[in-house]
Structure formats: structure tokens, C-alpha cells
1. Which ones in the stretch 193-206 are without any contact (Cβ under 8 Å) to a residue 40 or more places away in the chain and in a loop (DSSP other than H, G, I, E, B)?
2. Taking the residues in the stretch 118-147 that are without any contact (Cβ under 8 Å) to a residue 12 or more places away in the chain and either farther than 19 Å from residue 101 by Cα or of a type in the set (Gly, Ala, Ser) (or both) as candidates, determine which candidate is surrounded by the most Cβ atoms within 10 Å (Cβ to Cβ).
3. Within the set of pairs 6+ apart or on separate chains, which have a first residue in the stretch 14-41 that is in a helix (DSSP H, G or I), a second that is of a type in the set (Ser, Thr, Tyr), and C-beta atoms under 7 Å apart?
4. Of all residues in the stretch 76-101, how many are more than 13 Å from residue 4 (Cα to Cα), crowded, with 21+ Cβ neighbours inside 10 Å and either of a type in the set (Gly, Ala, Ser) or in contact with a His (Cβ under 7 Å, 6 or more places away or on another chain) (or both)?
5. Against the definition (in the same structural domain as residue 63 (by TED's automatic domain parsing), over 12 Å from the mean Cα position of the chain (by Cα) and surrounded by 16 or more Cβ atoms within 10 Å (Cβ to Cβ)), how does residue 151 come out, yes or no?
6. Evaluate the following for residue 113: is it part of a helix (DSSP H, G or I) and touching a helix residue (DSSP H, G or I) at 6+ places or on another chain (Cβ under 8 Å)?
7. Tell me yes or no: at least one residue of the stretch 49-57 is closer than 22 Å to residue 96 by Cα and outside the structural domain of residue 123 (by TED's automatic domain parsing).
8. I'm trying to understand the selection: among the residues of the stretch 154-182, which are of a type outside the set (A, V, I, L, M, F, W, C) and touching a helix residue (DSSP H, G or I) at 6+ places or on another chain (Cβ under 9 Å)?
Amino acid sequence: MWILGLETATWTASVGVVRDGHAVTERTRRSQSSHAPLIVSLIDEVLAEAGVGVGELDAVAVSAGPGSFTGLRIGVSTAKGLAFAVGAAIIAVPTLTALARATGPRAGTVCTILDARKGEVYAAGFRWQDGRLEQTLAEQAIAPAELSRVIHPPCTFIGDGVDVYEAVLRTQFADAVTLVPLAAAPPSGCVVAQIGAELIAAKVETALATVEPYYVRPSEAELKA
């Protein structure tokens, strides 16, 4: 089974190809503006390197949030258009889970945090158990100063929220915390595709028409309305 994985939830976009659960190839690049002109070229590159035609894809897995509202919309719309065009299945993958998986096994709690602006981060907690990643804290928007209320050391924080709120995290957790910025543990399109493969194997299917970005909190347009 060929699965394409798309990750556009942060300023770093990643596209990967997985066959029967095994990573084949991946491209990861940081964008300075929008992922819109970048994502199609990354898809073309990985498919060409993998030696698979777009019509041979069995599924498209997309990182569906939370994360950058614009980035998520670009990723989800691209995935839906591609899946519809070639008749492939589409699988929505939780962004914070994919980022935690991409970082690899670590002791204690792993907390993914992405900058949500407005003085908040999108956060979720995980723990590695017998080689599997288990979620211990549901996705939520939270002020960085409140993280010590829901996350207990020893812990590792990953994601671009680390870049923005390093000082706050050091103040709260002191030496009991490991901080991993996004550049040190970047998003992985292959991990998104691998999680998609696991969801398909577990018979978790997503209808094309119902796939939407998962924002966690309302958008500005919704709040104004």
C-alpha cells in the first residue's frame, strides 16, 4: 500500500511516501511565507524519487491540526483535492501526535507545544510505553505559564512553542525539563503517512467530505461572527 503524508501545520512543511508502513522518501523545507507554492513541488519530488505515480497512491494522510490555521487549510485542501482526483482514501492525522512520534522515544512525559499566538500554545501530552506512544493529555489551547498545572516532570517539550516560550518553561520546570526546538525535531511527512497506515489497518476511515482542519479554538472569523 502506497501512502502519501502531508504535514503543513507549522512553517516547516514535510511530505513523505510510505509503502506498506515503511518510509521510502521524504522532503522537508521551511517556508518564509505560504506553503501553497511549495507543497505541490514537494509532492512531485517525493513521488518521482519513490518511483510511484500519483494514480498509484492508495491513500493520502494529512496532518489535520491543531496548528497554523492557514497551513492546515493548505494541507487539508491539497490532500482532499489529490485524494478525490485519483480515487485514494484520505486519513486525518493529529498534528501533535505526529510531532511527538517523529521525535522518537524519550523518558517521562513528552509534551508537544505549538505557538498558537495570543499568548497561548496548542499542547498535548504523551508517554512512551513498550515502544508505543500513548496520549496522556488531550489537545488544548493553554497559556504557557499554566503548563506546570497539567504536565509533570521529568518531561520533554518539543515544537515551535519551545522556541517562543523557552524562558517561561525554564522558569516553571528548571532542570527537570528537556527543551527540543522545532529545528531539532522537525515535522515528518513519513510519520504522518505511517500513522495513517496504522489508522487504516485499524479500520479508521475518514470520508472525504468530512475532513476538516482541527483548530482546537475558534478562528477570528468565527469569533467576530
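1. Across the stretch 193-206, the qualifying residues are 202, 203.
2. 146
3. 38/31; 39/8; 39/78
4. Result for the stretch 76-101: 2.
5. Answer is no for this residue.
6. no
7. No; the residues of the stretch 49-57 include none that is closer than 22 Å to residue 96 by Cα and outside the structural domain of residue 123 (by TED's automatic domain parsing).
8. Correct list: 154, 156, 159, 160, 161, 163, 165, 171, 172, 181.
The values are calculated or read from the model by the stated rules, or taken from the named source; none is laboratory data. Only a predicted model underlies this, so the values are computations on that prediction, with no experimental measurement involved. Ideal geometry is used to build each Cβ from the backbone, glycine not excepted, and the neighbour counts take in all protein chains shown.
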